[in-house]
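Working notes, beginning with the structure itself.
The values are calculated or read from the model by the stated rules, or taken from the named source; none is laboratory data. This one's a predicted model, so the numbers in the text were calculated from it and none came from an experiment. Methodologically, a virtual Cβ is constructed for each residue, glycine included, from the backbone with ideal geometry; neighbour enumeration extends over all protein chains shown. Surface accessibility is based on the protein's heavy atoms, side chains included, excluding ligands, DNA and RNA. Shrake-Rupley method; radii C 1.70, N 1.55, O 1.52, S 1.80 Å.
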Amino acid sequence: MKLKIIAFSILPFLVTSLTAQEMWSLSKCVDYAVQNNITVQKMALQTEYQKLNLKTSQWSFVPNLSAGLVQNFSFGRATGNDNITTSQSLASTNFTISTSMPLFSGFRIANQIASDKLNLQAAIEDLNKAKEDLTLNVTAFYLNVLYNKELVNITQEQVKLSEEQVKNTQYLVESGRRSESELYEHKAQLANDQQTNVEASNALRLAILDLCQSINYPDIDNFDIAAIDTKTLIEASDLSLLSLQDAYATSLTLRPSIKASERRIESSKKGLRIAQSAYYPQLDLQAGYNTGYFHAFQLNNIAFGQQLKDNSSEAVVLSLSIPIFNRLASVNRVKQAHINILNQELELENVKQVLLKEIQTAYYNALAAREKYIAATKTSEAARISFEFEQAKYNGGKSTPFDLNNAKTRLEKSLSQETQAKFDFIFRTKIFDFYNGKSIVF
């Protein structure tokens, strides 16, 4: 029994521990962000709104149906069922059922349906654009967390080196082979490295906070992300086989912003047809059924069912409306539709120009990031060799603590710069891959 109590008492802690150990991949972060982002949700609602608009227009071809009931009480002189006006009190009940449907509307309904379909497609592309923007944003924050994690590792290694140097120098001081002032210099360097490590840890926490906020995830303390194989990602990047022209041509066929603008141009052309439909005659079909019941107080009345049968009337009506002059309203609407087409065409051209500039920026940023990474790798390797050489000189008594710590500081700085250049290169190449139709999520 005691074992069961203990097991149940520690179970919440085990669950919490497992939850805390959960590692989030970039794909999971993006999926969570898409599900919880307010902008994406609003775009999704706009898509549903456009779907309802389309359904409404599609049902415009279907006949409508309505029913009505009128109850009337008359006192004094009133007209009876025989159309004779006498002094009597009457109660009458009228029942009507009517329907109507458009037979010809100048192709307005067909063009309205086509326009609403295109508007729905544009709304879907707007939703895709919002998801793409969110993915790029989350990816940037994700890589920033990985970058800060590596900085923490670098500063921790520097702390270990300083601790080892303090330990070795302490031994040399006790044996009389080094002065005590050198020991204090190494302790000062250790304190500086520990402070740098604390700052890196704080920066990592802030980076995690930024990522959690970007995906709207509340449990920041139990959030961590999975490591990635940066070497494979860097080896897979090959900008030499790609060009600006290829990336631009690919993006013109894939980017949601382009597709949305193109659909809106097509929709505006349908809008012109809708405006022009006002120039055509309108033909409608109407049908109705009417009956009623009259009750004269103080008199004998015909039975209810018989009255409904006797008083019934049916009608079928064809209604033709020919436009002649409506104070230039139709003319002005057609002109407005032409202006809307021109405006949408300009909007598409603007989207294309913005896209080209984005691709140009992404391409040259990727090239610069690659060169910077190659240079940073060489610099860090040289700094590592220099530090190892200076450390050997110091251990042989041929160098000073200042020279050793200076070489160590240069190594730490070069490693930090290499890490920054590495993740910047990964992010820049991923952005350029994105414009070439490749998935940015890894």
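Couple of notes before you dig in:
- Cross-link reach is defined here as a Cα-Cα straight distance under 20 Å, omitting same-chain residues fewer than 8 places apart; for Lys372 the lysines meeting it are Lys231, Lys413, Lys422, Lys430.
- Hydrodynamic radius of the range 328-426 per Kirkwood, over alpha carbon pairs, in Å: 18.1 Å
- Heavy atoms of Thr253: accessible area, 1.4 Å probe, square angstrom to 10: 90 Å²
- Highest-MSF residue in the chain out of Thr419, Thr139, Thr230 [GNM, Cα springs under 10 Å]: Thr230
- Cα gyration tensor shape for the range 228-327, rounded if a/c is under 1.5, else prolate or oblate: prolate
- Val145 accessible area, 1.4 Å probe, all protein chains in place, Å² to nearest 10: 0 Å²
- Paired Rg and Dmax values of the chain, which use every Cα atom, in angstrom: 39.6, 137
- Taking trypsin sites (Lys or Arg not before Pro) across the range 256-361, the ones in a DSSP loop with at most 14 further Cβ atoms lying within 10 angstrom of their Cβ are Arg327.
- Antiparallel DSSP beta bridges within the chain, percent to nearest 5: 95 percent
- On Cα atoms only, tilt of 2-20 relative to the major axis of the chain in degrees: 90 degrees
- Gaussian network model of the chain, springs between alpha carbon atoms under 10 Å - residue of Ser57, Ser25, Ser179 with greatest fluctuation: Ser179
- Per residue, the accessible area of the chain comes to 59 Å², computed with a 1.4 Å probe over protein heavy atoms only.
- Measuring between their Cα centroids, the range 193-207 and the range 366-442 lie 19 Å from each other.
- Using a probe radius of 1.4 angstrom, the carbon and sulfur fraction of the accessible surface of the chain is 57%.
- Estimated vicinal HN-Hα couplings, Hz - the range 323-332 in sequence order (Karplus 6.51, -1.76, 1.60; Gly, Pro = x): x, 10, 8, 10, 6, 6, 5, 5, 4, 5
- Based on Cα contacts under 8 Å between residues 6+ apart, the chain shows a relative contact order of 23 percent.
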